[in-house]
1. What is the number of the single condition among (1) within 21 Å of K109 (Cβ to Cβ); (2) of a type outside the set (K, R); (3) over 10 Å from the mean Cα position of the chain (by Cα) that P74 does not meet?
2. Take region 21-41 and flag every residue that is modelled with pLDDT of 95 or more, in a loop (DSSP other than H, G, I, E, B) and surrounded by fewer than 19 Cβ atoms within 10 Å (Cβ to Cβ).
3. I want to confirm something. Restricting to region 81-104 and keeping residues that are in a strand (DSSP E or B) and not aliphatic (A, V, I, L, M), which single residue is surrounded by the most Cβ atoms within 10 Å (Cβ to Cβ)?
4. Test Y22 against the criterion of being over 21 Å from L114 (Cβ atoms), free of Cβ contacts under 8 Å to residues at least 60 places away in the same chain and over 11 Å from the mean Cα position of the chain (by Cα), and give yes or no.
5. Test of understanding: among K109, K78, which residue is surrounded by 17 or more Cβ atoms within 10 Å (Cβ to Cβ), of a type in the set (K, R), closer than 15 Å to V14 by Cα and modelled with pLDDT of 95 or more?
6. So, in region 61-80, how many residues would count as being closer than 25 Å to I5 by Cα and in a helix (DSSP H, G or I)?
Amino acid sequence: MQIQILKSKVHRAVITEANLNYVGSLTLDEDLMDAANMIEHEKIQVVNVNNGERIETYLIKGKRGSGVVCLNGPAARKGAEGDVVIIISYALMDFEAAKAYKPVVVFPKDGNTL
């Protein structure tokens with residue numbers, strides 16, 4: 001049996017931009033992506049702590065060290081600059097292997113830095 005489990009998350013990052021006039025996705029500082037073991041184009045869930053919105057989208061690499069967390073396209077309507085978000089990725093795994101798996105959790109500091 002295969003199940004979906006938490007693979008990794010960036011816990012309580014702060015939205016730095018919302019760009020409605022973009023195709024879609026979430027732009028994330030590449031340092032945060034690396035720390036959370038996430039890759040470009042990976043499917044993610046974004047949970048907005050301020051308003052309770054939950055969206056599914058995919059990642060785009062943001063400039064390394066910039067602290068960027070930008071909601072793009074329609075997602076830009078689900079959050080605003082300054083909102084706190086949790087960025088989550090999941091993995092499909094064998095049930096027994098999933099029991100031993102430990103997710104990667106990143107806690108950004110001020111400015112979405114490590």
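1. All conditions pass for P74, except number (1).
2. Result: N37, I39, E40, H41.
3. S89
4. The answer is yes for Y22.
5. K78
6. Counting residues in region 61-80 that are closer than 25 Å to I5 by Cα and in a helix (DSSP H, G or I) gives 2.
The values are calculated or read from the model by the stated rules, or taken from the named source; none is laboratory data. Keep in mind the model is a prediction, meaning the values are calculated, not measured. Reconstructed Cβ throughout: ideal geometry from the backbone, glycine too, with neighbour counts over all protein chains shown.
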